[in-house]
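One structure below.
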Amino acid sequence: MSQKRKAVSFEKKQNRNGYLYCMPFIIGFLVFVAYPLFKVVVFSFNELTVGAETYETTWVGLTHYNRIFFVDPDFRKTVLSSVRDMVINVPVVVLFSFFVASILNQKFVGRTVFRTILFLPVILASGMVDYLTAGDFISSNMQNIGSLSENSGSVFSGGLTQLLTEMNIGKSFVDFIDGLVGRISDITTMSAVPSVIFLSGMQSISPSIYEASYIEGASAWDVFWKISFPMVSPLILVNIIYCIVDSFTSSSNKAITEIHEALFSNAQYGLGSAMALFYLVLAGIIIMIIYTLVKRLVYYYD
């Protein structure tokens with residue numbers, strides 16, 4: 001009886017410590033996520049008048065949402081364009097990341113250098129690099145490099161389009177490939193983090209599993225589809241969700257730009273809040289749908 005009481009007491013102590021360790025996250029979530037989100041919901045049903053030290057709200061009901069859905073067609077088109085780009089980018093980025101991680105998981109000379117180069121797009125896309133390249137000389141050279149890259153991509157895209165057209169391939173497929181080539185820089189940048197995630201998952205697989213499979217006579221193709229791919233399938237789900245969020249929140253996303261302009265450039269805080277809330281709900285619904293569908297294909301090892 002006494003041992004049972006001690007066990008219960010120890011379990012309660014563990015639960016208390018768990019809540020204690022999670023308390024910084026809980027407080028941060030309530031202060032920096034839950035409360036601002038609540039204010040966004042309130043602002044979306046009001047018109048804000050900002051003064052020198054305070055602001056006033058005027059209830060307008062569903063006026064902002066009516067403008068989004070029925071009056072202003074530009075934002076709807078922008079959101080649909082963002083969803084379309086996400087549908088195209090996410091599968092390409094995940095497949096490209098998996099391919100790159102599979103190559104970098106092999107042993108070859110200079111592997112560390114290539115792994116470093118893989119993550120450079122994330123560093124180059126950071127705000128710190130923008131700050132460091134703010135000087136005239138560095139900025140002008142970075143612009144020259146960017147324009148050279150765009151020109152090279154245009155030349156390659158034009159040649160590839162001409163080749164596919166001469167092969168009598170359908171125009172819709174040619175336009176799709178041409179669009180992917182035109183976004184190769186964005187796809188490479190978006191693939192950096194998923195590639196690292198895939199690579200870490202592949203390196204966590206015990207080499208003894210591969211040795212045993214090769215001893216049993218398995219080919220490299222069998223090992224890939226029956227060992228490597230199933231064991232990293234949970235990371236496929238993680239990377240899909242990551243790429244969806246990254247695509248929806250990218251600074252190059254036109255929907256994000258339009259919401260930012262409404263809030264900060266045009267000072268339309270109520271309308272901007274309604275646009276942001278609608279965009280958030282739409283992204284959440286898409287993530288839940290894709291999560292439900294992809295989760296069935298994930299295999300978890302015990």
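The values are calculated or read from the model by the stated rules, or taken from the named source; none is laboratory data. As the structure is a computational prediction, the values presented were derived from the model and not from experiment. Glycine also receives a Cβ, built like all others from the backbone with ideal geometry; neighbour counts cover every protein chain displayed.
Computed values, structure above
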{"quantity": "Residue satisfying condition, being modelled with pLDDT under 90, closer than 23 Å to D85 by Cβ and not in a helix (DSSP H, G or I), within set S185, S251", "calculated": "S251"}
{"quantity": "Lone qualifier among Y214, Y300 - being outside the structural domain of S81 (by TED's automatic domain parsing) and farther than 30 Å from F75 by Cβ", "calculated": "Y300"}
{"quantity": "Lone unmet requirement of (1) under 29 Å from the mean Cα position of the chain (by Cα); (2) surrounded by 13 or more Cβ atoms within 10 Å (Cβ to Cβ); (3) not β-branched (V, I, T) for L48", "calculated": "(1)"}
{"quantity": "Matching residues, the stretch 197-243, being in a helix (DSSP H, G or I), out of contact with any helix residue (DSSP H, G or I) (no Cβ under 9 Å at 6 or more places or on another chain) and without any contact (Cβ under 8 Å) to a residue 12 or more places away in the chain", "calculated": "P207, S208, E211, A212, I215, W221, W225"}
{"quantity": "Enumeration of residues in the stretch 261-279 that are surrounded by fewer than 16 Cβ atoms within 10 Å (Cβ to Cβ) and assigned to a helix (DSSP H, G or I)", "calculated": "E261, F264, S265"}
{"quantity": "Qualifying residue in the stretch 282-299 (condition: surrounded by 17 or more Cβ atoms within 10 Å (Cβ to Cβ), among the β-branched types (V, I, T) and touching a helix residue (DSSP H, G or I) at 6+ places or on another chain (Cβ under 6 Å))", "calculated": "no"}
{"quantity": "Leading residue by the ranking (nearest to V40 (Cα to Cα)) among those in the stretch 245-260 that are surrounded by fewer than 20 Cβ atoms within 10 Å (Cβ to Cβ) and among the aliphatic types (A, V, I, L, M)", "calculated": "I256"}
{"quantity": "Test set (1) farther than 29 Å from E258 by Cβ; (2) among the aromatic types (F, W, Y); (3) in contact with a helix residue (DSSP H, G or I) (Cβ under 6 Å, 6 or more places away or on another chain) - Y65 fails condition number", "calculated": "(1)"}
{"quantity": "Conditions (1) loosely packed, with under 11 Cβ neighbours inside 10 Å; (2) modelled with pLDDT of 85 or more; (3) under 29 Å from I290 (Cα atoms); (4) more than 22 Å from the chain's Cα centre (by Cα); number of the one not met by G61", "calculated": "(3)"}
{"quantity": "Where a residue in the stretch 75-100 is over 19 Å from Y279 (Cα atoms) and its partner, wherever it lies, is outside any helix (DSSP H, G or I), with Cβ under 9 Å and at least six apart", "calculated": "V92/R183; V92/S191; V93/S191; V94/S191; F96/S191; S97/S191; F98/V232; V100/S191"}
